[in-house]
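K.L.:
Have a look at this one.
The values are calculated or read from the model by the stated rules, or taken from the named source; none is laboratory data. Note that this is a predicted model, so its numbers are computed, not measured. Ideal geometry is used to build each Cβ from the backbone, glycine not excepted, and the neighbour counts take in all protein chains shown.
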Amino acid sequence: VGYNWHWKVLFETEPGGTGSYLHYLIVGLGWTLVTALAAWVIALAIGALVGTLRTTPYPWVVRAGNLYVEIFRNIPLIVQMFLWFFVMPELLPQAWGDWIKQMPPPWSSFIPAVLCLAIFTSVRIAEQVRAGINSLPRGQRMAGTALGLTLGQAYRHVILPQAFRIILPPLTSESMNIVKNSSVALTIGLLELTGRARAMQEFSFRVFEAFAAATVIYLITNLVVVLAMRALERKVRVPGLIAAAGAPQAGH
Amino acid sequence: MGFDFDVIQRSWGYLFREGMTFTVTLTLLAMTGGIVFGTLLAMMRLSAFKPLSILAGGYVNLMRSIPLVLVIFWFFFLVPYIGAWVTGADQPVKVGAWMSAVITFTMFEAAYYCEIMRAGIQSVARGQVWAGYALGLNYWQTMAQVVLPQAFRNMLPVLLTQTIILFQDTSLVYVISATDFLGAASKVANRDYRLVEMYTFVAVVYFIISYSLSLVVKRLQDRIAIIR
């Protein structure tokens, strides 16, 4: 079977009239990156907090942290997307729910998508942070408290600075994951890169050109993320502190 | 507004006999195929023959760099062409959402199982391979009887955790309108306009199954840790 490639389609005008298909896809990449970045900032904050709380000596705090992690780890991402998009506005007070639903596109899907990705990723970051803290020798915490630091100070000055350096490599793969996972937002109507490749395929009937272009853009994005994180790793490295030898992990 | 959880009871048969059966069958088939292909890929990646390891490495890295949703779209449109190429037909072969999903998830998960199996094979001491060769076993015999059984046992918890993720990820076949558990629920939800009830129910069911499985994996992990 022959498939007639027609790469010039990338430079033809898309039906919306905003420019070429290539431009259309690049704007999609912009939405992918903005969504991923916004979610990443929130995820890092929540993940660091929850991960740290799960290593404290207070059983109820640990239990609450575990509950949070188990809930958002055991529900598929697309179902969580639907919960934020369809269910959350109905459970809020009526006025708030209506306000969310009446937001003009793409905000009505952008905000649920960011919240969903942020919570979903925060759980995975919390796991990494907890593992990073637990991989430190116990003596570090004891030495901190022996010097008269409070628990909070020991975390702030002794434990967390080391733990974060240790978990940088797994955080790199999480930051790539959040870029990839943002594609699930197309199911709630966010026209990010994959969504636009799909739309381009529907408008132009050029199936493989559309998906090949999106694939290449994702590969370049990944490369940039990996290089940036590697530069960061080099910059913050403490001589003699060995980074975690990545144990094999399940992922997607 | 009023909630109507009765809709779940009304559509119970459709949700589970049709939807959940699709989801579970797809998970089991993709797990089996994915582990078989993944193990072969891992052996290729660890091969001393460069072109083979580069080919396998390229495939694995490509699959791991692009979103699953995009991979699902790729295969949905690509499989008819591959089918025509294999059977020699001059028109793309018609392939349903089910067959497309099975092929997609097998090929996609193989890349992830490959990385797990690669770590598993590398966790077996080199001396064991040499001992196998010294006993006169060839490569395949050494792999099948010495290395892989140990690699599987060492990696069993991670393989199962990956399978739980696979179970959750099969819900993405929603994008090609397949009737998996989520697809079935979504069709009922849109027909009866009961989105809140249905999606909440779907989340609860996925949570119960995934969480129970993860408890099983945790117990297995503890037992294996003692054996070692």
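K.L.:
Given the criteria aromatic (Phe, Trp, Tyr) and touching a residue at least 24 places away in the same chain (Cβ under 8 Å), does B:Trp12 qualify?
P.N.:
no
K.L.:
Scan region A:151-173 for residues that are farther than 24 Å from A:Leu223 by Cβ, small (Gly, Ala, Ser) and either in contact (Cβ under 8 Å) with a residue 60 or more places away in the chain or in contact with a Pro (Cβ under 6 Å, 6 or more places away or on another chain) (or both) and report the count.
P.N.:
Count: 0.
K.L.:
State the number of residues belonging to region B:78-136 that are among the hydroxyl-bearing types (Ser, Thr, Tyr) and closer than 19 Å to B:Ala178 by Cβ.
P.N.:
Number satisfying all stated conditions: 3.
K.L.:
Report yes if some residue within region A:84-107 is closer than 28 Å to B:Val202 by Cα, at pLDDT 95 or above and either under 14 Å from the mean Cα position of the chain (by Cα) or of a type in the set (Asp, Glu) (or both); otherwise report no.
P.N.:
no
K.L.:
Got at least one residue in region A:100-117 being closer than 25 Å to A:Leu190 by Cβ and among the basic types (Lys, Arg)?
P.N.:
Checking region A:100-117: at least one residue is closer than 25 Å to A:Leu190 by Cβ and among the basic types (Lys, Arg).
K.L.:
In addition: Any chance you could count how many residues in region A:19-49 are of a type in the set (Ser, Thr, Tyr) and under 14 Å from A:Ala199 (Cα atoms)?
P.N.:
Selection size over region A:19-49: 3.
Table: residues versus (1) modelled with pLDDT of 95 or more; (2) assigned to a helix (DSSP H, G or I); (3) over 29 Å from A:Leu117 (Cα atoms); (4) over 25 Å from the mean Cα position of the chain (by Cα).
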{"position": "B:Ala42", "(1), (2), (3), (4)": "yes, yes, yes, no"}
{"position": "B:Asn61", "(1), (2), (3), (4)": "no, yes, no, no"}
{"position": "B:Val71", "(1), (2), (3), (4)": "yes, yes, no, no"}
{"position": "B:Phe76", "(1), (2), (3), (4)": "no, yes, no, no"}
{"position": "B:Pro92", "(1), (2), (3), (4)": "no, no, yes, yes"}
{"position": "B:Thr106", "(1), (2), (3), (4)": "yes, yes, no, no"}
{"position": "B:Val124", "(1), (2), (3), (4)": "no, no, yes, no"}
{"position": "B:Gln128", "(1), (2), (3), (4)": "no, yes, yes, yes"}
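K.L.:
Just one of the numbered conditions (1) more than 9 Å from every other protein chain (Cβ to nearest Cβ); (2) in contact (Cβ under 8 Å) with a residue 24 or more places away in the chain; (3) under 17 Å from the mean Cα position of the chain (by Cα); (4) more than 16 Å from A:Met81 (Cβ to Cβ) is not true of A:Phe203; which one?
P.N.:
Tallying (1) more than 9 Å from every other protein chain (Cβ to nearest Cβ); (2) in contact (Cβ under 8 Å) with a residue 24 or more places away in the chain; (3) under 17 Å from the mean Cα position of the chain (by Cα); (4) more than 16 Å from A:Met81 (Cβ to Cβ), A:Phe203 fails exactly one: (3).
K.L.:
Determine whether A:Val61 is more than 11 Å from chain B (Cβ to nearest Cβ) and surrounded by fewer than 20 Cβ atoms within 10 Å (Cβ to Cβ).
P.N.:
yes
K.L.:
Sort out which residues of region A:71-109 are out of contact with any helix residue (DSSP H, G or I) (no Cβ under 6 Å at 6 or more places or on another chain), more than 30 Å from B:Val217 (Cβ to Cβ) and facing chain B (nearest Cβ under 10 Å), and write them in order of number.
P.N.:
Selection gives A:Met88, A:Leu91, A:Gln94.
K.L.:
In region A:213-232, which residues are touching a residue at least 24 places away in the same chain (Cβ under 8 Å) and under 17 Å from the mean Cα position of the chain (by Cα)?
P.N.:
A:Tyr218, A:Thr221, A:Asn222, A:Val225, A:Val226, A:Met229
K.L.:
Given the criteria closer than 24 Å to B:Leu172 by Cβ and within 14 Å of another protein chain (Cβ to nearest Cβ), does B:Leu29 qualify?
P.N.:
Considered against the rule, which asks whether it is closer than 24 Å to B:Leu172 by Cβ and within 14 Å of another protein chain (Cβ to nearest Cβ), B:Leu29 comes out as no.
K.L.:
Only one of A:Ile78, A:Ile71, A:Ile111, A:Ile46 is among the hydrophobic types (A, V, I, L, M, F, W, C), at pLDDT 95 or above, within 22 Å of the chain's Cα centre (by Cα) and farther than 24 Å from B:Phe167 by Cα. Can you tell me which?
P.N.:
Being among the hydrophobic types (A, V, I, L, M, F, W, C), at pLDDT 95 or above, within 22 Å of the chain's Cα centre (by Cα) and farther than 24 Å from B:Phe167 by Cα holds for just one of A:Ile78, A:Ile71, A:Ile111, A:Ile46, which is A:Ile46.
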